Each structure stands twice: as C-alpha cells, then as structure tokens.
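Take a look at the structure set out below.
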Amino acid sequence: MVQETNFDVIIVGAGISGIDCAYRLQERLPHLSYAVLDGRGELGGTWSLFKYPGIRSDSDLITFGFPWHPWESEREIATAPAILDYLQDACQKNGIDKRIRYHHHVSELHWKSDLQLWQVKVLLNHTPQTPSTNTRMFHARYIVMGTGYYDYHEPLATSVPGLEMFKGSLIHPQFWPTDLDHKNKRVAIIGSGATAVTILPAMAQTAEKVTMIQRSPGFFFTPPLSDGFNIWAKRWLPAGLAYRVMRARMIVILFLLINFCWWFPNTASRFLKGETKKLLPPDTHLKMDPDFTPAYTPMQQRLCISPGGDFFDAIKSDKGDIVTGQIERVEANGVRMTDGRFVEADILITATGLKIHIGGHSKLFVDGEEVPYSSRFVWKGTMLQDVPNFAFVVGYVDTPWTLGSDATARLFTRIIKEAERRKAAFVMPKLTEKEEREVKVVPYIGLNSTYLKRGKELGCFPKGGDRGPWVPRHSYMKDNWAANYGSMNGLVFRGRTTK
C-alpha cells in the first residue's frame, strides 16, 4: 500500500507539543489533512528519550497536561513512565496515533513560492549512528515544528578539567545506560539544576552516597505530591467541571507565584530560603550560605522542584550530600575542589544542562535561501519573520511547557482559519519599514541558566524584539488572550487559493 505524502499540514515531532497541535488541528480544522513525522521510533519526545533515575515532571500535570485530556492520577508531579502512558492514552483516544509516521527524520524544509507549498525532504530510518540515504519527499501547505528546543543527539559539552582521567563510569543523563548498577556505589553529580535535584534522591535510595557538586545553588520549591483541594474537587464535582476548576486554580496560583518573584524578588528570596531552612536537619554540616543561597533572584533561573521534600529526605538520611565550590580537576577516583576537598566517586554524572538546538536538525529554506532561526524575529511566539505558513512551538521554560505550546497551537489554527476566510495561499509575519528601523533585539528566552546562556552565545535562538508582536512571550494570561482573541497585526496574507 502506497502511503500518502501530500497533506494540508505536516507536524514535525511526536512529543507533547506535536500531539497537542495535532489535536487542535483536528478539533478546529477537521477538514484539513495532516501527518505527524518523527525521526524516532515512539511518541513522547523528552518522556521517552530520557531514562535517568527518578525522571519526572517539574510541573503539576494539571497544568503540564493537555486541557483536552484530563490528568486523573492523584499524584500530580508525575514520573516519566506515567507521563508517557498519559500521552499514549491521549493519542489513542483521539485517533492521533494513526497519523504518526515513525522513523521519518525531516532533514530539509523548502518553501516554494511558485508552488505555494512546502517540500519536505525525509530520511527514512535515519540516526546519527546509522545515516540513511533512503529519502521520501512530502508536500504540505503548512508546517508546524514541534521538535522542542534542545539537541536529541548530542548533550551540552561539559567543560571540567580532567574528565578523561576518571576511571569509573562517566555518564550524561541524556544517554543513561540501561545496565548501570549504582547499588552501594559512590556517586557524584556535577550540576545543581532540575536534573541533578531529581537524580540525587532517586539514586540515594540504593547508592552508598550521592553528592551533588554545585558551583552555585538554586532556589528550592517543595510542592506536595498531591493537592488536597484537587482531591476534594475530583470527589465532589462532575469530572469535566472538576478538571476545569483545578486547572484554572493552578494557573492562577502559578501566575501569582511568578509575579510575586518578579515584583518582590528580595521578599521572595527570603521566603524560599526560609522554607528551605525548615527542611534541613538541625545537625547538618550544610550551611544556608553558601549551600542554599543563590547568586541570583528567584525566576532568573527555574526553581528546583523537590516534590514532597524528597531531596531533603535524602539529605536527612545522610545518603545525600552537597559540596559547593569550584572544581579544580577530576581525578581517577573522584573530584578535587579548589579548596582541597575531595569527593570520592565510582560514578560521575555530568548534569550540566542541554545543548540548545531549535528545529530538530532540519534545514529551513525559503525559495532556495537557507533561513537560520537566529536571523529572524518571532511573531507572538509562533511564526518566524518572512517565513510563510510556518509555525514553530517553544513552550514556556519557566512555567509548565504545555501552557505555552497549546497557546501556539490555538493561535496557529486561528491564523489558518483567517487565511482560509481571505482565500489567501500563504501568510507570514513581516516587519514594517518603521519596525525595521526601531525594533531592538532582546533575548528570546530571559532566564540565565548556564545552558541557556551558552545557547544565546552560540546564536541558537531566534530573535526577540522590544515592542509590538515581536516581544517574547512570558505571560500565559496575555498569551491565552492572544491565542483566542488577539489581533493579527504584523501578518501579511498573500496569494489566492480555491480551497
């Protein structure tokens, strides 16, 4: 049977963003044909790629999950296997799984103005380890890139002197070996972000000792594993109403927390550090300064989430520890600090962040000219300047990702509807002559985590603007309004179509 290769919409990526966009398309534009292309062999993106111990969400699944597919478990900070089950269930119940084509790596995307179509070059069964020359050409009127913002094939290089001297197991969390046995082993984790904070309590259950080596600490937030109000709502309200109420409440709480951190950074800092201090055992050798006093204010980097205080339980058990300071070098059996301290290790984990990469290793062309993402402004967090019929999805990195990705999906379906109403063949964002003179470039993502700063230095992100629809997204309340009711100023609709 010959598979169809011509579609109205092609979605690249079968992770949480691609799945959500697929649902929004068939919900709001059921007459359009679409396919989801993914280079890997299963759906789920991040949640099927990462296998390190304890991997879980940093956000509650009430807001991180889909608004159209309720999260039913009482445990709202969920493990990766539970999230993957949830995504598979969402796809199966809505027929999305039948639209996904696995082992289809999109290598090139070519917009052809003369055809008013995208030509999509796909490599079948391609991986970096086993490159493929088996190609297939697809065509589509619209493209949605749901490939996330990091490199699936290559981690961020760790710049630590002496790594090559280490004689034990050297591991990056992105490529966790399935046969690693850490029982009764000494483990050192370089890094202090979400991954390190997740791995430490999980490995401490069976390891002899797990030590997190941090150059500087982060702020901790310790939500409960489940929420009493949500348990009540599920018990006493009709299911559909309960989910809407729980979701609205959690979004408001997030909005208040984030704005509290932004508007009152010193007060927020004192509050978070005060809550952390309450969780430390009285006899610990760890000190609030330097071990729990960040060099930045809250929300300049993501909060480190410790559901139910699991990180601090590991500290209390004496199986988990923290060493704060500068690394002098890695030696054969551990890590030497500049102050002379030595962290013994049989296993060394470099949890130093992700390598930023927008576009999933797909080259983008408009009428034969390659378009680097970093060369273009972004219209309302959804479309690239001067690129027709093209959306790319980057959710929020400081709040639940899916709130942002769903806003993008809803906005893009509105844009397609408007193009259909005008019988326009294509639509794209365009700066006015005045904007070209006056719009100043600002960072597309404002957080200053090391891996994000490195991505900015290497020009991995598209450009944000300081005014108008080019301002980077940072508020779900505004973005939700824009997705449903916002103006289309800044878009140009061109060409004619009979569809």
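For the range 135-184, name all the residues that are part of a strand (DSSP E or B) and either under 20 Å from residue 41 (Cα atoms) or of a type in the set (Asp, Glu) (or both). Give the steps one after another, and end with the answer.
Taking the range 135-184 as the starting set, the residues that turn out to be part of a strand (DSSP E or B) are 135-145, 150, 169-171.
Within the range 135-184, 135, 136, 137, 138, 144, 145, 150 meet the criteria.
Kindly establish whether residue 406 is buried (at least 24 other Cβ atoms within 10 Å of the Cβ) and either hydrophobic (A, V, I, L, M, F, W, C) or under 29 Å from residue 196 (Cα atoms) (or both). Write out each step before concluding.
Numbers: buried (at least 24 other Cβ atoms within 10 Å of the Cβ): yes; either hydrophobic (A, V, I, L, M, F, W, C) or under 29 Å from residue 196 (Cα atoms) (or both): yes.
So residue 406 fits the description; yes.
Within the range 350-362, track down each residue that is under 28 Å from residue 262 (Cα atoms) and in a strand (DSSP E or B). Write out each step before concluding.
At the first step, the residues of the range 350-362 found to be under 28 Å from residue 262 (Cα atoms) are 351-358.
Within the range 350-362, 356 is the sole residue that qualifies.
So, in the range 7-38, exactly how many residues are touching a Ser or Thr at 6+ places or on another chain (Cβ under 8 Å) and not in a helix (DSSP H, G or I)?
7
How many of the residues making up the range 263-285 are surrounded by 15 or more Cβ atoms within 10 Å (Cβ to Cβ) and in contact (Cβ under 8 Å) with a residue 12 or more places away in the chain? Can you show your working first?
Let us first name the residues in the range 263-285 that are surrounded by 15 or more Cβ atoms within 10 Å (Cβ to Cβ), namely 265, 268-269, 271-273, 276, 279-280.
Next, from what is left, pick out any that are in contact (Cβ under 8 Å) with a residue 12 or more places away in the chain: 265, 268-269, 272-273, 276, 279-280.
Selection size over the range 263-285: 8.
Can you name every residue in the range 445-473 that is in a loop (DSSP other than H, G, I, E, B), touching a helix residue (DSSP H, G or I) at 6+ places or on another chain (Cβ under 8 Å) and of a type outside the set (D, E, K, R)? Even if it seems obvious, please write down each step before you answer.
The first filter runs over the range 445-473 and keeps only residues in a loop (DSSP other than H, G, I, E, B), leaving 445-449, 458-462, 466-467, 471-473.
Right, trim to touching a helix residue (DSSP H, G or I) at 6+ places or on another chain (Cβ under 8 Å) and you get 445, 459-462, 467, 473.
Result: 445, 459, 460, 461, 462.
In this structure, does residue 446 turn out to be of a type in the set (Gly, Ala, Ser), assigned by TED's automatic domain parsing to the domain that holds residue 473 and either at pLDDT below 95 or within 26 Å of residue 355 (Cβ to Cβ) (or both)? Don't jump to the end; show me each part of the working.
Details: of a type in the set (Gly, Ala, Ser): yes; assigned by TED's automatic domain parsing to the domain that holds residue 473: yes; either at pLDDT below 95 or within 26 Å of residue 355 (Cβ to Cβ) (or both): yes.
Yes, satisfied.
Select from the range 155-178 the residues that are in contact with a His (Cβ under 8 Å, 6 or more places away or on another chain) and not β-branched (Val, Ile, Thr) and list them in ascending order. Break it down into steps so the answer makes sense when it comes.
Going residue by residue through the range 155-178, those that are in contact with a His (Cβ under 8 Å, 6 or more places away or on another chain) are 155, 158.
Scanning the range 155-178 gives a single hit, 155.
Within the range 248-262, identify whether any single residue is part of a loop (DSSP other than H, G, I, E, B) and either more than 22 Å from the chain's Cα centre (by Cα) or aliphatic (A, V, I, L, M) (or both), and answer yes or no.
Start the filter on the range 248-262 by keeping residues that are part of a loop (DSSP other than H, G, I, E, B), which leaves none.
So far as the range 248-262 goes, no, none of its residues is part of a loop (DSSP other than H, G, I, E, B) and either more than 22 Å from the chain's Cα centre (by Cα) or aliphatic (A, V, I, L, M) (or both).
Considering every residue within the range 173-188, establish whether at least one is among the small types (Gly, Ala, Ser) and not assigned by TED's automatic domain parsing to the domain that holds residue 364. Steps first, please.
From the range 173-188, those among the small types (Gly, Ala, Ser) are 188; that's our starting set.
Checking the rest, the ones that are also not assigned by TED's automatic domain parsing to the domain that holds residue 364 come to 188.
There is at least one residue in the range 173-188 that is among the small types (Gly, Ala, Ser) and not assigned by TED's automatic domain parsing to the domain that holds residue 364.
If you scan the range 175-220, which residues turn out to be surrounded by fewer than 18 Cβ atoms within 10 Å (Cβ to Cβ) and under 24 Å from residue 74 (Cα atoms)?
The answer is 205, and nothing else.
Restricting the search to the range 292-320, which residues are touching a helix residue (DSSP H, G or I) at 6+ places or on another chain (Cβ under 6 Å) and either under 16 Å from residue 210 (Cα atoms) or outside the structural domain of residue 219 (by TED's automatic domain parsing) (or both)? Walk me through how you get there before you give the answer.
Kept after step one, since they are touching a helix residue (DSSP H, G or I) at 6+ places or on another chain (Cβ under 6 Å), are these residues of the range 292-320: 292, 297-299, 304, 309-312, 314, 319-320.
Passing the criteria: 310, 311, 312, 314, 319, 320.
Would you pick out the residues in the range 311-333 that are among the small types (Gly, Ala, Ser) and surrounded by fewer than 19 Cβ atoms within 10 Å (Cβ to Cβ)?
Within the range 311-333, the subset among the small types (Gly, Ala, Ser) is 314, 317, 320, 325, 332.
Answer for the range 311-333, where residues must be among the small types (Gly, Ala, Ser) and surrounded by fewer than 19 Cβ atoms within 10 Å (Cβ to Cβ): 317, 325, 332.
To keep it simple, each residue is scored yes or no on (1) closer than 23 Å to residue 271 by Cα; (2) assigned to a helix (DSSP H, G or I); (3) of a type in the set (A, V, I, L, M); (4) not assigned by TED's automatic domain parsing to the domain that holds residue 183.
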site	(1), (2), (3), (4)
198	yes, yes, no, no
206	no, no, no, no
210	no, no, yes, no
231	no, yes, yes, no
235	no, yes, no, no
243	no, yes, no, no
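What residue, of 369, 420, is at pLDDT 95 or above, out of contact with any strand residue (DSSP E or B) (no Cβ under 7 Å at 6 or more places or on another chain) and within 15 Å of residue 111 (Cβ to Cβ)? Give the derivation first.
Working: 420 fails: within 15 Å of residue 111 (Cβ to Cβ).
Result: 369 is the single residue among 369, 420 that is at pLDDT 95 or above, out of contact with any strand residue (DSSP E or B) (no Cβ under 7 Å at 6 or more places or on another chain) and within 15 Å of residue 111 (Cβ to Cβ).
State yes or no: is residue 447 in contact with a Leu (Cβ under 9 Å, 6 or more places away or on another chain) and not hydroxyl-bearing (Ser, Thr, Tyr)? Walk me through it before giving the result.
Numbers: in contact with a Leu (Cβ under 9 Å, 6 or more places away or on another chain): no; not hydroxyl-bearing (Ser, Thr, Tyr): yes.
Judged against the criteria, residue 447 is not a match.
What are the residues in the range 363-403 that are buried (at least 20 other Cβ atoms within 10 Å of the Cβ), assigned to a helix (DSSP H, G or I) and over 17 Å from the mean Cα position of the chain (by Cα), if any?
Across the range 363-403, the qualifying residue is only 373.
Restricting attention to the range 221-252, report how many residues are of a type in the set (S, T, N, Q) and buried (at least 17 other Cβ atoms within 10 Å of the Cβ). Steps first, please.
Looking only at the range 221-252, we keep the residues that are of a type in the set (S, T, N, Q), and these are 222, 226, 230.
Of the ones still in play, those that are also buried (at least 17 other Cβ atoms within 10 Å of the Cβ) are 222, 230.
The qualifying residues number 2.
If we scan the range 474-490, do we find a residue that is outside any helix (DSSP H, G or I) and either under 30 Å from residue 193 (Cβ atoms) or acidic (Asp, Glu) (or both)? Give the steps one after another, and end with the answer.
Just the residues of the range 474-490 that are outside any helix (DSSP H, G or I), to begin with: 474-475, 486-490.
Okay, now just the ones that are also either under 30 Å from residue 193 (Cβ atoms) or acidic (Asp, Glu) (or both), so 474-475.
Yes: one or more hits.
The values are calculated or read from the model by the stated rules, or taken from the named source; none is laboratory data. It should be emphasised that the depicted structure is a prediction, and the values quoted were computed from it without experimental measurement. Cβ: placed from backbone, ideal geometry, glycine included. Neighbour counts: every protein chain shown.
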